[in-house]
Amino acid sequence: MGMFVGVGLLRIMIHQSSSLKAKRQVVKSILGKVRSKFDVSIAEVDDQDKWQVCSMGVAVVSNDSGHVHKMLETISGYIENLHLAEVTGFSIEIIPLGQFH
């Protein structure tokens, strides 16, 4: 039995943000809601100096690659449905990891 690590990269647009402080409030809210609902690792990974754009990385681990893919898609949809920001880009990479030797 192996395991799979799925990494999702999301780019979001926070249209109503007019400052880095306003952006941080929205980003903090999104990160907290996703962590609480899905129990996954998620963090802002790029664009920290931009007022309206944020890049987030999400990591999911499972023994089923299909489950990993579905979880990452579900998380992207959840973020979009919060209506705090628009998901403008989303990519997934799934990495298979072998057994112990």
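Just so it is clear, none of the values below were taken in a lab; they were calculated from the coordinates. Given the structure is predicted, the values throughout are model-derived calculations rather than measurements. Glycine gets a Cβ as well: all are built from the backbone with ideal geometry, and neighbour counts include every protein chain shown.
Scanning region 75-94 for residues that are surrounded by fewer than 15 Cβ atoms within 10 Å (Cβ to Cβ) and either closer than 16 Å to Glu44 by Cα or free of Cβ contacts under 8 Å to residues at least 12 places away in the same chain (or both) yields a total of 7.
Listed by first and then second residue, the pairs linking a residue in region 31-45 that is surrounded by fewer than 15 Cβ atoms within 10 Å (Cβ to Cβ) to a residue that is of a type in the set (Gly, Ala, Ser), with Cβ atoms under 7 Å apart and 6 or more places separating them unless they lie on different chains, are Ser41/Ala59; Ala43/Gly57; Val45/Ser55; Val45/Gly57. If you filter region 46-63 down to residues that are among the polar types (S, T, N, Q) and under 24 Å from Ser18 (Cβ atoms), you find that the one that is surrounded by the fewest Cβ atoms within 10 Å (Cβ to Cβ) is Gln48.
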